[in-house]
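Values in this text are rule-based calculations from the coordinates and carry no lab data. What you see is a predicted model; the values in this text were computed from it and never measured. Please note: Cβ atoms are built from the backbone with ideal geometry, for glycine as well, and neighbour counts cover all protein chains shown.
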Amino acid sequence: MKSPGASNSLAAVLAGLAFLAPALPAAKVLYAELVTVTSDSFSLAWKTDRPEACAVKFGPAGKTPDQEKPERAKSAFHFMTVSGLTPGEKYFYRLECAGYPAPRSRLSPGSFLTPTPPAGKLLFSFAIMSDLHVNEDVAGLIILPVSFLPALSPGFVWKYPVDNYWAFTARNAVELINTHPVEFTIVNGDLTAWFLQSEFETAKQILDRLEKPYYVLRGNHDRVGAEPRDWFKAVFNLEESAYVFEHKGFLFVYLDDTRLADGMGEISQSQFAWLEKTLAANKRQPAFIVSHRPDALGLPDITRETNSRMRAILNQNPQVVACIYGHGHKAQITFGQFAGKVLPQIMVPATKEYPSGFGVVKVYEQGFTYNFHRTECADCLEWSDVTRNEYFGMAPSTLFKKLSDRNMVFIFPEQISRMVRQ
């Protein structure tokens, strides 16, 4: 049996050795991204080279950031939302890990201005999900149109395919949407990877967890091809794949711009005739047009006729307040000139890969706001880090882009405001 004195001596020796051991260097922030800025909150995502508990210090401009929100647990993949801010005010923030500040960058500049919402009361809000790609097993695969040539990029796979990336990203998006006071959700195409009945059924099982109504539209991955039935329409019990519904005085027009045989971008003559007739009959009703592809902007897989006719229709209908797209998997907001006014063209990023999330639109009497929100489950954050390397490492500039491509305030032109007030 050792004496108490011997135990104390051994403890003293160990303490001395610990003192002589080199201190572990501070955790390094590999990147940080300012994801979302709303009128009363902001969200940051970042990665450290080892698990660490970090903190965000923040405060209004002109003052030392004197407020702090710490993380509760150590992690290598981080996400934090800070709320309770004041609209229309500039804020500074500083990310610190183990007491060491992270450097500022283009994607995390250290300051921002909270937007001021449009005037008038909030009428309603809705969410937007896009590009779920149920049953996909490789993300970011870039192939050439010639089958015998190798892929330009082999893409990325998740480490646990039993619960693959398309599943946990979609589930988390649904869970987060349910925490927002939205009145419905738009699911903007490419629900599946291979347009199989089982894939549509799985997508429906996930989307049925939404606590408020949702409305789906077809993407190029949701085509029919050689399948015996149009499973998109059959599983979601749709009589038509292009349809319209009204919500609190606003018209929502859903288009089907996918050629059923091969998935190319095309709107049929009969659907264009229906669209023109629908908008002509509702000239005094503000309208959102929703399509999978950016048909008014044009892409290589959109026919020239579809692009030209869509632009003509937008020029003839000043009641259209915005066009909402998916397909490109990226954040992008452009402002076109149609019908003598500015018309926002909003592309919502894919749910299934970096930057992985969903959009929320809040409609006011005098305009609307749009914000992109990232999925934030542990696997979601790690998968975003993996697919951040898409496009040969250029995904941050190609898919994430600028803060103004993910967050905006749009004030209605006077003719739209008059329609809303009526």
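Here are some notes:
- Each of Ser41, Ser384 was scored by other Cβ atoms within 10 Å of its Cβ. Listed from fewest to most, they are Ser41, Ser384.
- Sorted fewest first by neighbouring Cβ atoms within 10 angstrom, Lys330, Lys90, Lys233, Lys74 come out as Lys90, Lys74, Lys233, Lys330.
- Debye-sum result for region 316-404 in log10 I(q)/I(0), which assumes one identical scatterer on each alpha carbon, at q = 0.10, 0.20, 0.24 Å⁻¹: -0.31, -0.94, -1.19
- Cα-based radius of gyration of region 29-113 once divided by 2.2 N^0.38 Å, which approximates compact folds: 1.01
- For the residues Leu297, Leu95, Leu260, a GNM of the chain with alpha-carbon springs under 10 Å puts the largest fluctuation on Leu297.
- In this structure the amide hydrogen of Ala350, modeled in the peptide plane, comes within under 5 Å of the amide hydrogens of His329, Lys330, Ser356, none closer than 5 places in sequence on its chain.
- GNM result for the chain, Cα springs below 10 Å: residue of Gly99, Gly140, Gly219 fluctuating most strongly: Gly99
- DSSP beta bridge pairing in the chain, given as percent antiparallel to the nearest 5: 75
- Taking amide H as placed 1.01 Å from N in the peptide plane, Gly336 has its amide H under 5 Å from the amide H of Leu343, Gln345, each at least 5 places away in sequence or on another chain.
- Fewest-first sequence of Ser43, Ser75, Ser308 by Cβ atoms within 10 Å of each Cβ: Ser308, Ser75, Ser43
- Residue among Ala173, Ala193, Ala234 with the largest mean-square fluctuation in a Gaussian network model of the chain, springs linking Cα atoms under 10 Å: Ala234
- Bridgeable lysines around Lys28 (alpha carbons under 20 Å apart, same-chain partners fewer than 8 residues away excluded): Lys47, Lys57, Lys69, Lys74.
- Three-way shape label, region 74-215, alpha-carbon gyration tensor, a/c 1.5: oblate
- 21 Å Cα-Cα threshold exceeded, pairs from Lys212/Lys362; Lys159/Lys401; Lys159/Lys352: Lys159/Lys401
- Helices in the chain, meaning DSSP H runs of at least 4 residues, each add -39500 (n - 2.57). Divided by all residues, the mean residue ellipticity at 222 nm is -6500 deg cm²/dmol.
- The chain: proportion of alpha-carbon pairs further apart than 36 angstrom, %: 31
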